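Peer 1: Sending over a structure as structure tokens; questions will come in a sec.
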Amino acid sequence: MRHFISTRELSAASIYDILNTAEKLRDSSESFSQQYFAANLFFEPSTRTKMSFLVAEKKLGMAPLDFQPESSSMSKGESLYDTARTYEAIGADLLIVRHLSDRWYDELIGKTSIPIINAGAGKGEHPTQSMLDLLTIYQEFGSFENLEVVIAGDIKHSRVARSNAYALTTLGAKVYFTAAPGFEDDSLDFPYVAIEEACAMCDVLMLLRIQHERHVTQTCDTFSYLANYGLTMEREQKMTDHAIILHPAPVNRDVEIDTRLVECTRSRIFKQMENGVYARMAVISILLKEWGVNHENVAEKCQ
Ligand code: CP
């Protein structure tokens, strides 16, 4: 694994390596000297992904390098490529990028001498979100084989849906979608079910945020969305006892999910955020080792 861009590039063995490494790192309490630099290039807003990368880097003993697009030389017209190469030239050992383009990485892959992690690419992929989602499911069920996972919501504009659909399929889960009219994605070949059926059948209900910022021609009536397509109290009652609820967050409360269910017994939404730190630590550790960064502490943490 040279970069971390798409879950389509991950074998089942490499996904399990990330999940098991994350579990080990969660139990580790060693402290490390700051020797390696991670450039966190976020061109889109983020709370969870950016902050959990910063915590992950600090826990691994790395020094995070911050970046604000509006106060950087990108405001003078500098390209993503020149920005990335600049961070590399001044000593970054790792590039972590979130960008509104679906394929921002095309202008960087093969042109840097340091690993690149996709922290969210437009409507493309969000592979580290997928790893923390998988870790949460793994902790719950211990296996993915034949698990019924329904991904529900704005499939068409969701990088989370794409990354999870690919990775869950690789791991042997059965993936279904449910979506409001216009939110389906023809480029993804998975069966659709109605929300009522989804709630009754699933082991995992993965809700998605309505991605208003990516809607070009379409608007969404959020007033009626919960009743028609979201997780209401009545639908939650139809779920089997062991079924869990995931949502990548931020949550549109009372739109995708009744606000009373956000922290209900079967919700793992805040657990997902906690797992984000360890999943991202695992991805960073595995990539740095792959690139020959053999800092003894980083290496020890990944044993
Ligand atoms: N889930 C997720 O990517 O959240 P942020 O946009 O806050 O990083």
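Derivation of every value follows stated rules applied to the coordinates shown; laboratory data play no part. Given the structure is predicted, the values throughout are model-derived calculations rather than measurements. Please note: Cβ atoms are built from the backbone with ideal geometry, for glycine as well, and neighbour counts cover all protein chains shown.
Peer 1: May I ask you to list the residues of the stretch 242-268 whose amide nitrogen lies under 19 Å from a point 7 Å from Cα along the Cα→beta-carbon direction of residue 215?
Peer 2: 248-259
Peer 1: For an R0 of 22 angstrom, estimate the FRET efficiency from the Cβ-Cβ distance between residue 89 and residue 46 and round to the nearest 0.05.
Peer 2: That gives a FRET efficiency of 0.30.
Peer 1: Can you compute log10 of I(q)/I(0) for the stretch 128-272 with the Debye formula, treating each Cα as one identical point scatterer, at q = 0.11, 0.12, 0.19 Å⁻¹?
Peer 2: -0.35, -0.41, -1.13
Peer 1: Continuing with the same structure: As I understand it, the dipole of the chain uses +1 on the Cβ of Lys and Arg and -1 on the Cβ of Asp and Glu, about the Cα centre. Which of 144, 210, 95 lies farthest toward its positive end?
Peer 2: In the chain, that residue is 95.
Peer 1: Distance check, please: which entries in 59/123; 58/271; 24/174; 59/111 exceed 22 angstrom between their Cα atoms?
Peer 2: Details: 59/123 30 Å; 58/271 20 Å; 24/174 27 Å; 59/111 28 Å.
Beyond 22 Å: 59/123; 24/174; 59/111.
Peer 1: Another question, then. Report the charge-dipole magnitude of the chain in Debye, nearest 20, computed about the Cα centre from +1 at each Lys and Arg Cβ and -1 at each Asp and Glu Cβ.
Peer 2: Roughly 480 debye for the chain.
Peer 1: Then there is this: I'd like the FRET efficiency for residue 241 and residue 66, computed as 1/(1 + (r/R0)^6) with the beta carbon distance as r and R0 of 25 Å, rounded to 0.05.
Peer 2: 0.05
Peer 1: While we're looking at this one, here's another question. Determine the gain in length on full extension of the stretch residue 228-residue 2; use 0.36 nm per residue of separation and subtract their C-alpha separation, reporting nm with one decimal.
Peer 2: 77.0 nm
Peer 1: At a 10 Å Cβ-Cβ cut-off, how would you order 203, 221, 133, 254, fewest neighbours first?
Peer 2: Working: 203 20, 221 9, 133 28, 254 17.
Sorted ascending by nearby Cβ count, the order is 221, 254, 203, 133.
Peer 1: Let me ask something else. Taking 7 Å along the Cα-to-C-beta vector as the label spot, tell me the residue 196-residue 266 distance in nanometres, rounded to one decimal.
Peer 2: 1.7 nm
Peer 1: Give the shape of the stretch 1-131 as rounded, prolate or oblate, defined through the alpha-carbon gyration tensor: a ≥ b ≥ c are the square roots of its eigenvalues, a/c under 1.5 means rounded, and otherwise the shape is prolate if a/b is larger than b/c and oblate if not.
Peer 2: It is oblate, given that a/c is not under 1.5 and a/b is not larger than b/c.
Peer 1: Taking 4 °C and 1.567 mPa s as the conditions, I'd like the Stokes-Einstein D for the chain in µm²/s, using the Kirkwood hydrodynamic radius from alpha carbon pairs.
Peer 2: Answer, rounded: 66 µm²/s.
Peer 1: Rounded to the nearest 500, what is the chain's calculated 222 nm mean residue ellipticity when only DSSP H runs of at least 4 contribute -39500 (n - 2.57) each, over all residues?
Peer 2: Calculated mean residue ellipticity at 222 nm is -11500 deg cm²/dmol.
Peer 1: Right, next: How far, in nm, would the chain grow between residue 73 and residue 188 when pulled straight, counting 0.36 nm per residue and subtracting the alpha carbon separation?
Peer 2: 37.6 nm
Peer 1: Also, I was wondering about something else. So, in Å, what gap is there between the alpha-carbon centers of the stretch 159-225 and the stretch 1-76?
Peer 2: When both Cα centres are located, 26 Å separates them.
Peer 1: Report, by chain and number, residues whose modeled amide H sits under 5 Å from the one on residue 35, excluding near sequence neighbours (fewer than 5 apart, same chain).
Peer 2: Counting only residues 5 or more places away or on other chains, the set is 63.
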